Amino acid sequence: MSRWSRLLVFLSIIGPGIITASIDNDAGGITTYSVAGARYGYMLLWTLIPTTVALIVIQEMVARMGVVTGKGLSDLIRENYGVKTTFFMMIVLLVANFGTTIANFAGWAASMEIFGLSKYVMVPFGAFMIWLLVTRGSYRIVEIVLLIASMLYFGYVISGVMSEPDWGEVLQSALVPKAKLESEFIMLTIAIIGTTITPWMQFYLQSSIAEKGIKKENYKVSKLDVIIGCVMTDVISFFIIVTCATTLYPHGIRINEAKEAAISLAPFAGQYASALFAVCLANASILGAIVVPLATAYYICEALGWEAGVNKTFKEAPQFMWIYTALIAISALLVLIPNAPLVILMVMSSLLNGILLPFVLVFALLLVNNERIMGKYKNPKGYNYISWGTVVVLIILTAALLVMTLVPDMNKLIG
Amino acid sequence: MPLFGELFVSELLKMPVLDPKGDELGKVKDFVVIKGDPLPRVSALILEEKKKRYCLEWENVGIFNKRIISSKVYSPRVEPYEPSDEILLIVRDIFDKQIVDADGAKVVRVNDVQLEGLRNDACVSGVDVGVRGILRRLGIENKSERFYEMLGKTLPRNIIRWSFIQPLEPRLSKLSLTIPRQMISELHPADIADIISNVTQEQGIAFFKGLDPDVAAEALPELSPDLQKSIIEDIDKDYASEVVERMEPDEAADLLADLEKDKAKELLDSIEDEDAQDIQELLAHEEDEAGGLMTNEFIAYPPELTIHDAIEKFKVDAHEAESVYYIYIVENEKLIGITTLKDMILHAPDLPLSEIMETKLKTVSPDTNQRVVAETISKYNLLAMPVVDDKGDLLGIVTIDDIVDILLPQSSWKKRRSV
C-alpha cells in the first residue's frame, strides 16, 4: 500500500475512539478538573497518568469487541446474559444518562449566560440543532461535526498556556505522586477517575465502531484511534487543571462549578482566556448533549433488537430516533423550568453511573474473554492481569466515591 | 407423548421433571432442536441438577405441559451430558438472537420461542418478538395483562411464524427472515387465514378486525365454516356487512347459509341491494349441488355484438367477474353459445359473436350433485361450467377453483386445525 492510501485508510477509520474519549470531558468532567485545579493547584496532576492508562485498557477491549463482532455492547450482553439482566441494566442506564444529558444542557445554559445570552433562547436553539444533526444527518456528517468539536477542546490548551504556569513545577507534579490525607482530596482524586471512565462511553464506543463497520484487518488503526483519543482527552484535562491551578489556586479562590471558573479567570488570565474557557465549556456541553442521548438510544435499541444508527431515517429506525428526540426534548425542558430539582437529578445520575460501572466492566471483560464470541481475538493471558487489575481498582474507587457522595448528602439531608 | 396446544419455552424453564416414582430428575434447562418436516422439533430436554446437566430424550418424556413435565425413565438411567457447540439449543442458541429482515436490516429480537404439538412431537412453531415475550421472560406477563386491562387495552401478541424464518445452522449469531418484514404485514389471504386458525379464537377475531375489508373478504372463505361463522357473529354489524359485500357471491352465500336465520337476514338487509340479490339467488340452492356452488358473476353478451364491441365491454366487465376466460352468449337470458377470450382476440374484430361461438354446450342443472359437476369439468378440461335451468336460462357458473376444493378435500382449510 502506498503512503497515501494508507493515510486514507487511517483517516476513514479514526473517529469513534477520539470522539468517545473527548466527550469524556463533558460539562461534568470540566467542572471536576476546574474544581480540582482551583482547590489543590498542580497537586492532582499525577492522577491523570494512571487514569489515562486505565482508560486505554478499557476502551481498547471494547473497541476490539466492536470490530470483531460487529455488534454493540448491549447486543452482546442481551445475547449472552438474557432479558432480565439486560432489562434492569438498561433502565438504570437510561435514568443515569438522562441525568448526564441534563447536566450537559445545564452546562450549555451556564456558558451561554457568561456571554449574556438568554438560556430561554439558547437551550431550545441548541437542542433543536443537535436534534437536526442526528435525525437528518448521516453517520459521516455527525462524525465530522463531532471530530471538529473535539478539536475545539484545544482551546483549553491555549488558555492553559495563556495563564503562564511555571512549567518546571507542572512537570514535576505530573510525574511525582503527592497525596494529602484529607477527605476532599481523596474525593477529588476518585472523582477525576470516575468522570473519566463512565458506563455510557463503553456502549457508545462499541456501537459507533459497529455502525462504522470497521473490519478486523483494520483493527490496528482502530486501536490507534482509541489510544490517540485517550491521550488527547487527558492532555486536555491536564490543561484545564493547569489553567485553574495557575490562576485561581494562588489567590485561594474556591469554585463549585465550571461557569465560576470561566468568570474567575478574567481578572488573572485576561478576558480572552476567560472567554476561551467559556467557549470550550459550551462546546463540551453541547457535544455531551449530542453523544450521551445518542449512546442511550443505541444501547436501548440494541438490547431490544431494534434497528439503530445515525444513518437511518425515522422510518427505518423509529424507536432509535424517538428515544434520542425524547431525551433531548425532556432534558432541555427541565433545564428551563425554574427551580427544577436539577442538582438532585445530577447527583442521582452520578450515583447510578457509579453503581453500574462495575457491572458494565465485568460484563465487558467476561465477553472479551469468551472464545465463542471473540475467537482468536480474545484477551491474551498477560493482558488479562492488567485488565482485571484495572477493573478491580476502578470498582474499589467507584465504591469509595459512592459512599463518599452518599454520606455527606445524607448528612445534609439530616442536618 | 400426548399432544399439547401451544407453549412458550420460557414458561417451561426451571420446571422440575419428575420420574414415574415422583422423584425429581432435575430442572428444565434447555431444549435440543433438530430439523423436522415441516417444522424443527424438540429431540431432547436438557435438565440441570446440582450444576450437572443431563439429557432426557424426547421419547422418554411422559406428560409435557406447563404444569407438569414427567419422564418415563428413572433417574439412574439419565446420563450426565455436556451439550456441544454443534447441536442447536433453544435457550442457548435461539433466545435473544437478533432477527434480521430479508434485506439484512435489524427488526426485532427473539424474546421467546413458541412450541406446538404436532402429531407426537413438540415443534418450534414461532418466535415471540413482542412486548409480551419480554414480560413473560421477566415473569410479569399476567400482572402486565391485568394492568393493560385496567387501561382498557389488550397486550398485543406478536409472533413470527417459524415458516418465515430461514433454516438454522449451529453456532448461529442471528436469524433471518425468508421474506421481507413488510410482506409479512401484507400477507396473502391464505396465509392470513393460516395465522387466524393458529391462534385462539379471541386473538383470531381481534386480528381479523384489524384487516382491511378487502383483505378480510378474501381471507374469510379460507377459514373453516365454523370459524367463519363465529367470526362473523362476533364482529360488529357494519364491518361484517362490508366484508360480506366484498366476498364472491357464492362464498358469501355459503357463509350466510351457515348463520342463524335472523343474523343472515340482518346481514342481507344491510348490504347493497344488487349484491344481496345475487346472494339470495344462490342461497336458494343446496350447498353440495351446482346451484350452491355457482357464482352469478359471469360475462354474458348478446350474439349480435361484434367482437370489437365485446372486447371493449369486456374491459369494463372483467373487473367484476371471478372467472373471465369464457364469454357466454345469451339471448333473452337463454344460453345459446360460448366463446373464449382467446377466440375473441384471434378473430377479426368486425365479426359478430354468433359467428365464432361454440353451440355444442356442456351444462348442468342447479340440482346436479357437486361430484357430477366435478367429474364433468374434469372430463372436458373446462375452467368453468354453466348452470342452466330447465328452460335453458343461464343462472350462473361453477368455476374450477370451487371444484378443486371438492376434489381435494384435504388441501385447503380442512387441513388447518383450529385451536
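Comparison of A:Ile58, A:Ile114, A:Ile49 shows that the only residue that is over 30 Å from B:Leu135 (Cα atoms) and modelled with pLDDT under 85 is A:Ile114.
Checked across region A:371-388, the condition of being in contact with a helix residue (DSSP H, G or I) (Cβ under 7 Å, 6 or more places away or on another chain), closer than 24 Å to A:Ala109 by Cβ and touching a residue at least 12 places away in the same chain (Cβ under 8 Å) holds for no residue.
Examine region A:101-108 for a residue that is part of a helix (DSSP H, G or I) and within 14 Å of another protein chain (Cβ to nearest Cβ), and state whether such a residue exists. No: region A:101-108 contains no residue that is part of a helix (DSSP H, G or I) and within 14 Å of another protein chain (Cβ to nearest Cβ). Considered as a group, the residues in region A:267-316 that are surrounded by fewer than 19 Cβ atoms within 10 Å (Cβ to Cβ) and part of a helix (DSSP H, G or I) include one that is farthest from the other protein chains (Cβ to nearest Cβ), and that residue is A:Pro267. (1) assigned to a loop (DSSP other than H, G, I, E, B); (2) modelled with pLDDT of 85 or more: which one isn't true of B:Gln410, the others all being true? (2) is the only condition that B:Gln410 fails. Within region A:5-17, does at least one residue satisfy the condition of being in a helix (DSSP H, G or I) and buried (at least 24 other Cβ atoms within 10 Å of the Cβ)? Checked region A:5-17: at least one residue is in a helix (DSSP H, G or I) and buried (at least 24 other Cβ atoms within 10 Å of the Cβ). Screening B:Lys391, B:Lys362 for residues that are touching a Ser or Thr at 6+ places or on another chain (Cβ under 7 Å) and surrounded by fewer than 19 Cβ atoms within 10 Å (Cβ to Cβ) leaves exactly one candidate, B:Lys362. Listed by first and then second residue, the pairs linking a residue in region A:145-162 that is closer than 14 Å to A:Ser237 by Cβ to a residue that is aromatic (Phe, Trp, Tyr) and at pLDDT below 85, with Cβ atoms under 9 Å apart and 6 or more places separating them unless they lie on different chains, are A:Gly155/A:Phe277; A:Tyr156/A:Phe277; A:Ser159/A:Tyr272; A:Ser159/A:Phe277. Name every residue in region A:389-399 that is β-branched (Val, Ile, Thr) and touching a residue at least 24 places away in the same chain (Cβ under 8 Å), in order of residue number. Within region A:389-399, A:Thr390, A:Val391, A:Val393, A:Ile395, A:Thr398 meet the criteria. Remark: pairs (first residue in region B:136-154, within 14 Å of another protein chain (Cβ to nearest Cβ); second residue surrounded by 12 or more Cβ atoms within 10 Å (Cβ to Cβ) and in a loop (DSSP other than H, G, I, E, B); Cβ separation under 8 Å; 6+ apart in sequence or on different chains) = B:Arg136/B:Asn111; B:Arg137/B:Asn111; B:Glu141/B:Leu155; B:Ser144/B:Leu155. Taking the conditions exactly as written (in contact (Cβ under 8 Å) with a residue 24 or more places away in the chain and buried (at least 24 other Cβ atoms within 10 Å of the Cβ)), does A:Val231 satisfy them or not? So A:Val231 fails the test.
For A:Leu402, indicate whether it is surrounded by 15 or more Cβ atoms within 10 Å (Cβ to Cβ), free of Cβ contacts under 8 Å to residues at least 12 places away in the same chain, in a helix (DSSP H, G or I) and more than 14 Å from chain B (Cβ to nearest Cβ). No. Of all residues in region B:205-221, one or more are charged (D, E, K, R), touching a helix residue (DSSP H, G or I) at 6+ places or on another chain (Cβ under 9 Å) and modelled with pLDDT of 70 or more. Being more than 9 Å from every other protein chain (Cβ to nearest Cβ), at pLDDT 80 or above, buried (at least 21 other Cβ atoms within 10 Å of the Cβ) and in contact with a helix residue (DSSP H, G or I) (Cβ under 7 Å, 6 or more places away or on another chain): is that true of B:Val110 here? Judged against the criteria, B:Val110 is not a match.
In the set A:Ile214, A:Ile192, A:Ile186, only one residue is at pLDDT 80 or above, part of a helix (DSSP H, G or I) and buried (at least 16 other Cβ atoms within 10 Å of the Cβ); that residue is A:Ile192. Within region A:58-96, the only residue that satisfies the criterion of being surrounded by fewer than 24 Cβ atoms within 10 Å (Cβ to Cβ), hydroxyl-bearing (Ser, Thr, Tyr) and more than 9 Å from chain B (Cβ to nearest Cβ) is A:Thr85.
Being more than 8 Å from the chain's Cα centre (by Cα), of a type outside the set (A, V, I, L, M, F, W, C) and crowded, with 24+ Cβ neighbours inside 10 Å is the filter here; which residues of region A:18-38 pass it?
Result: A:Gly28, A:Thr31, A:Tyr33, A:Ser34, A:Gly37.
Restricting the first member to region A:42-68 and to residues that are part of a helix (DSSP H, G or I), and the second to residues that are among the charged types (D, E, K, R) and buried (at least 22 other Cβ atoms within 10 Å of the Cβ), the beta-carbon pairs closer than 7 Å and six or more apart or on different chains are A:Leu48/A:Asp234; A:Thr51/A:Asp234; A:Thr52/A:Asp234.
Screening the candidates B:Lys334, B:Lys315 for the property of being among the basic types (Lys, Arg) and touching a residue at least 40 places away in the same chain (Cβ under 8 Å) yields one hit, B:Lys334. Give A:Ala149, A:Ala110, A:Ala127 a once-over and let me know the one that is under 30 Å from A:His251 (Cα atoms) and aliphatic (A, V, I, L, M). Within the list A:Ala149, A:Ala110, A:Ala127, the selection yields A:Ala110.
Here is a yes/no grid of residues against (1) of a type in the set (A, V, I, L, M); (2) over 32 Å from the mean Cα position of the chain (by Cα); (3) over 15 Å from B:Ala384 (Cβ atoms):
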| position | (1), (2), (3) |
| --- | --- |
| B:His319 | no, no, yes |
| B:Asn332 | no, yes, yes |
| B:Ile345 | yes, yes, yes |
| B:Leu351 | yes, yes, yes |
| B:Ile356 | yes, yes, yes |
| B:Leu361 | yes, yes, no |
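Consider region B:48-99 and keep the residues that are assigned to a strand (DSSP E or B) and among the basic types (Lys, Arg). The one that is nearest to the other protein chains (Cβ to nearest Cβ) is B:Arg53. What single numbered condition from (1) of a type in the set (A, V, I, L, M, F, W, C); (2) without any contact (Cβ under 8 Å) to a residue 40 or more places away in the chain; (3) surrounded by fewer than 16 Cβ atoms within 10 Å (Cβ to Cβ) fails to hold for B:Ile329? Of (1) of a type in the set (A, V, I, L, M, F, W, C); (2) without any contact (Cβ under 8 Å) to a residue 40 or more places away in the chain; (3) surrounded by fewer than 16 Cβ atoms within 10 Å (Cβ to Cβ), only one is false for B:Ile329: (3).
The values are calculated or read from the model by the stated rules, or taken from the named source; none is laboratory data. The model shown is predicted, which means the values in this text are computed figures rather than measured ones. Neighbour counts run over all protein chains shown; Cβ positions are idealised from the backbone, glycine included.
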